[in-house]
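Enquirer: My questions will all concern the structure given below.
The values are calculated or read from the model by the stated rules, or taken from the named source; none is laboratory data. If you're wondering where the values come from, they're calculated on a predicted model, not measured in any experiment. Cβ sites come from the backbone with ideal geometry, for glycine too, and all protein chains shown count toward neighbours. Remember, those area values only see protein heavy atoms, side chains included, never the ligands or the DNA or RNA. Shrake-Rupley method; radii C 1.70, N 1.55, O 1.52, S 1.80 Å.
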Amino acid sequence: MKTVTAVATAASSIKDAPHVLGRRKYPIIINISLSCILFIADLRALTEAFASPRPVLDVILRQHHRMPPAPASATSSWSLFASTIESSSSSMVGNRIPINENYPGLKRVHSNPDVYVIEKFLDDASCDDLIHKAMEKGTSRSPVAYAGWTDDIKDLLGLAASGPVSWFAIFGAWYEAQGDVEASVLSLVLHALRNYACLFVVALVGIAAFLKFRADSLQELRTSTSTTLDDLSQFGARNFVVRASDLFGNASSSSDDGMPAASYFEAPTVIHYEKDQALAPHYDANRSANVEDANRGGQTLSTLLVYLNDVANGGTTRFPKLPAADYEQQVKGERNLEIIPRKGDALLFFPADKYGMFDERTEHEGCPAVDSKWIARIWRHADRVPPPFGVSDESIKNHL
């Protein structure tokens, strides 16, 4: 193996030199350090061999929630770099999944990425029933998923393994060998490996604690309450799913398997925002959906929101990366796309293309509510969504 060869080569190159590390024979230290570095590099390479390959661009751009703004001194250079990368990423996004372009009330308010408003998508009775059934069932704090945690683990472990863990392991082994007249190349390598193993475990514990803290802190991004309604015998939920099925049609994103469109839906979720409650800027798609969302249909290809009540003040839906629309429900004077809720209207957009490619331009937020706001949501996934996340095949067969 490369590791054995590297160690053997380094050892043979110094076989005629004194092995007394306590006398600070620096050429020996340099050769031993290089041996340790090569050995640890091999361990790092072995770890990466089992990781799924990802484009460098994906690593640079991966973010799941808005980060704090950069310092003022770094704003200009970072903005130029970020805008260049964002433009390149956007050009990689393909076509969205098909929909019924002739659906009644469908109005495009932004192109590339496509964002639609569907006027009078649900009647008043269906909206009222969704609210009533949600209140009857009871709502709880809306969950926030830590999207991309698997990638964060790989990135942080890789950074720790190739950076501080390696260097502290080598430095610790060198320091332990000072004054030891019996120290040899082999003993130094073994000390370095022992230190590396101990430090790696410490790093692993620290990373786990950091990820737990991050997951808990993400919950503060969302202060609404919600519940799911998967009983299609209730006419509000049934009408929502029926109309969504008519909008998306029966074609699967991956193959024409003849499954009903509702099989690709998560069960309708009803969300309630009281005064001052909000949802911070976020994405509905997940760069790690193939792993993290495999049990719920994979990537989110489309988001369908229906406003269940009129909201006179606050509670708008804002897209901070898209320009304002020439549309009556657009907030006047706002430079970004920001839609005022109107009872029965639906908002449709596509967090990823039909192949599952993440589209960062669809970042959006639920602005703080002033008046009470109710919405219902269906996520359309890449694959079939099994219960309990989706609606059962029996319920689809009996009620649709």
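Enquirer: Filter the cross-link list Lys275/Lys343; Lys275/Lys397; Lys107/Lys354 down to pairs whose alpha-carbon distance in this structure exceeds 28 Å. Don't skip to the end; give the middle numbers.
Expert: Working: Lys275/Lys343 18 Å; Lys275/Lys397 40 Å; Lys107/Lys354 21 Å.
Among Lys275/Lys343; Lys275/Lys397; Lys107/Lys354, the Cα-Cα distance tops 28 Å for Lys275/Lys397.
Enquirer: Could I ask something else about it? Given the range 267-351, report the % of alpha carbon pairs whose separation exceeds 19 Å. Numbers along the way, then the final one.
Expert: On the way: 1683 of 3570 pairs.
Cα-Cα pairs of the range 267-351 separated by over 19 Å account for 47 percent.
Enquirer: Using only the Cα atoms of the range 224-315, build the gyration tensor, take square roots of its eigenvalues as a ≥ b ≥ c, and label the shape rounded, prolate or oblate: rounded if a/c is under 1.5, else prolate if a/b is larger than b/c, else oblate. It would help to have the intermediate numbers written out before the result.
Expert: Values: a/c = 2.20, a/b = 1.35, b/c = 1.63.
Judged from the Cα gyration tensor, the range 224-315 comes out oblate (a/c at least 1.5, b/c at or above a/b).
Enquirer: So how much slack lies between Met259 and Phe210, counting 0.36 nm per residue of separation and subtracting their Cα-Cα distance, in nm? Could you put the intermediate results ahead of the total?
Expert: Numbers: separation 49, 0.36 × 49 = 17.64 nm, distance 4.18 nm.
Gain in length upon complete extension: 13.5 nm.
Enquirer: In the range 256-400, what percent of the accessible surface is made up of carbon and sulfur (1.4 Å probe, ligands and nucleic acids excluded)? Numbers along the way, then the final one.
Expert: Details: 2620 of 5390 Å².
Roughly 49 percent of what the probe reaches on the range 256-400 is carbon or sulfur.
Enquirer: Also: Calculate, in whole percent, how much of the Cα-Cα pair population of the range 309-400 lies beyond 16 Å. Write out the running numbers ahead of the final one.
Expert: Values: 2734 of 4186 pairs.
Everything past 16 Å amounts to 65 percent.
Enquirer: A follow-up question, please. Given the convex hull of the Cα atoms of the range 347-400, what is a quarter of its surface area in nm²? Provide the component values of the computation, followed by the final result.
Expert: On the way: hull surface 23.6 nm².
For the range 347-400, the mean projected area of the Cα convex hull comes to 5.9 nm².
Enquirer: So, counting K/R as plus one and D/E as minus one, what does the shell of residues with Cβ under 9 Å around Ile339 add up to? Write out the running numbers ahead of the final one.
Expert: Details: positive: Arg318, Arg342; negative: Glu338, Asp345.
Within the 9 Å Cβ shell, the charges total 0.
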